[in-house]
Amino acid sequence: DTAVSQTPKYLVTQMGNDKSIKCEQNLGHDTMYWYKQDSKKFLKIMFSYNNKELIINETVPNRFSPKSPDKAHLNLHINSLELGDSAVYFCASSPSPGTTYEQYFGPGTRLTVT
Amino acid sequence: LAKTTQPISMDSYEGQEVNITCSHNNIATNDYITWYQQFPSQGPRFIIQGYKTKVTNEVASLFIPADRKSSTLSLPRVSLSDTAVYYCLVGDGQAGTALIFGKGTTLSVSS
């Protein structure tokens, strides 16, 4: 069974469209994250939720909106997509919030905006 | 959060021991040192974490000197499948703080 899964794996869309990426973890973890890895391979935290509550909200455009319907799911909705949004988006989870807890990453979603 | 510095790249051959050193001169008292590994087209994977001295698991060893201003990840007898990017991170584990991934060290293992 996949611990952290993301759908879709690839997403190609045009500028201006709205898209969502879904993430699910079956590890029973309380904390989930969204990261963005750009073309230069820098991996940056975007959001973190703990027990469905937002605890980390980095400097991310308002076009990005995370939603956590329950502890096992953290979805990312992106409005009015721009070329600069092209990247690989990783979802992750950990037992508790904080950097000392091992984070389990999903396989990533490669978003291409044309 | 303490900033980390590590070599951009390293090359090795199969069967050799590889040591990747990370500098974190302004590490705080409560900070832990954590290493992640990332293969191409995959998410990072936790390798090892330590606070001081030496930590060993089935994958690697982590050496931390007494002043904790640096740490060394040791991979024994690497294989081609160890080719990946290795990230050194430092953090105190407080809720609301995030892992800060730098550029990492790209390890290339050849036969």
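Before moving on, here are some points about what is shown:
- Residue among B:81, B:70 that is surrounded by fewer than 16 Cβ atoms within 10 Å (Cβ to Cβ) and of a type outside the set (Val, Ile, Thr): B:81
- Positions within region A:65-114 being polar (S, T, N, Q) and crowded, with 16+ Cβ neighbours inside 10 Å, in sequence order: A:68, A:75, A:86, A:93, A:94, A:99, A:100, A:103, A:109
- Here region B:17-40 is the region considered, the condition is being closer than 13 Å to residue B:83 by Cβ and outside any strand (DSSP E or B), and the residue that is farthest from the chain's Cα centre (by Cα) is B:40.
- For region B:65-111, residues that are of a type outside the set (S, T, N, Q), under 23 Å from residue B:41 (Cα atoms) and touching an Asp or Glu at 6+ places or on another chain (Cβ under 8 Å) total 6.
- Taking the criterion of being assigned to a loop (DSSP other than H, G, I, E, B) and under 22 Å from residue B:94 (Cα atoms), the residues of region B:41-64 that qualify are B:44, B:51, B:52.
- Strands (runs of 3 or more DSSP E) within region A:15-80 that include 3 or more residues within 11 Å of chain B (Cβ to nearest Cβ) and touching a residue at least 24 places away in the same chain (Cβ under 8 Å): A:31-37, A:43-50
- Exactly one residue among B:100, B:64, B:48 is modelled with pLDDT of 95 or more, buried (at least 17 other Cβ atoms within 10 Å of the Cβ) and within 14 Å of another protein chain (Cβ to nearest Cβ), and that residue is B:48.
- Condition check for residue B:31 on (1) within 30 Å of residue A:54 (Cα to Cα); (2) surrounded by fewer than 17 Cβ atoms within 10 Å (Cβ to Cβ); (3) modelled with pLDDT under 95: one failure, at (2).
- Residue B:39 surrounded by fewer than 14 Cβ atoms within 10 Å (Cβ to Cβ), within 14 Å of another protein chain (Cβ to nearest Cβ) and out of contact with any Gly (no Cβ under 6 Å at 6 or more places or on another chain): yes
The values are calculated or read from the model by the stated rules, or taken from the named source; none is laboratory data. Since the model is a prediction, treat every value here as computed from it, not as a measurement. Don't worry about glycine lacking a Cβ; one is built from the backbone with ideal geometry, like all the others, and counts go over all protein chains shown.
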